[in-house]
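First comes the structure, then the notes that go with it.
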Amino acid sequence: MHYVYIINSIPHPDQFYTGQTTNIDHRLDDHNSGKSDHTRKYKPWKFISYIAFESKEKAINFEKYLKSGSGRAFLGRHLK
C-alpha cells in the first residue's frame, strides 16, 4: 500500500506537512527523529490523517493535489 499523510506539529499547531510513503509508522518516526530537513525544526509531529492507495501513481497524484491551491483549500475545509 502507498499512503498520503498529513501531520501536524505538536508545539507549533499552525504547521502542517503532507507527504507520501509505503511505511506510515516508519515515516512518522523519521519526522520525529529529525531525519527530514523540512520538518526538523517543528518536531514532534502527530498524524492528522492518512489515506491508503493501491497504486503509487495515485498516491503521488493525490499528494500533488493536496499541495496545490485547491488541495490546500480542501485540507482546510475537511481535514485540518
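Each reported figure results from applying straightforward, stated rules to the coordinates on display, with no laboratory input. Since the model is a prediction, treat every value here as computed from it, not as a measurement. Neighbour counts run over all protein chains shown; Cβ positions are idealised from the backbone, glycine included.
Please list, in chain and number order, the residues 5+ apart from SER49 or on another chain whose amide H is under 5 Å from its amide H, with Hs placed from the backbone.
Amide H neighbours of SER49, under 5 Å, 5+ apart: ILE6.
State the answer as a single residue: which of ILE51, THR21, PHE74 lies farthest towards the positive end of the charge dipole of the range 2-78, with beta carbon charges of +1 for Lys and Arg and -1 for Asp and Glu, about the Cα centre.
The listed residue farthest towards the positive side: PHE74.
Dipole magnitude of the chain about its Cα centre, charges +1 at Lys/Arg Cβ and -1 at Asp/Glu Cβ only, in debye to the nearest 20? Don't skip to the end; give the middle numbers.
Working: 13 positive and 8 negative charges, 53 e Å.
With Lys and Arg at +1 and Asp and Glu at -1, about 260 debye.
Pairs of lysine in the range 2-78 with Cα under 24 Å and at least 8 positions apart or on different chains: total?
Summing the qualifying lysine pairs gives 16.
Any idea how far the Cα center of the range 1-27 sits from the one of the range 33-80, in Å?
6
In the chain, what GluC sites (Glu not before Pro) fall in a loop by DSSP, with at most 10 other Cβ atoms inside 10 Å? List each step's numbers first, then the result.
Details: sites: GLU54, GLU57, GLU63; in loops: GLU54.
In loop regions of the chain (DSSP not H, G, I, E or B), the sparsely surrounded GluC sites (Glu not before Pro) are GLU54.
Ignoring everything except DSSP H segments at least 4 long, calculate the 222 nm mean residue ellipticity for the chain; use -39,500 (n - 2.57) per segment, divide by total residues, nearest 500. Spell out each step's value before the answer.
Numbers: 3 runs with 31 residues, N = 80.
My calculation for the chain gives -11500 deg cm²/dmol from helical runs alone.
Just the projected area, averaged over all directions, of the convex hull on the alpha carbon atoms of the chain: how many nm²? Don't skip to the answer; put the middle values down first.
Values: hull surface 19.5 nm².
Projected area, direction-averaged: 4.9 nm².
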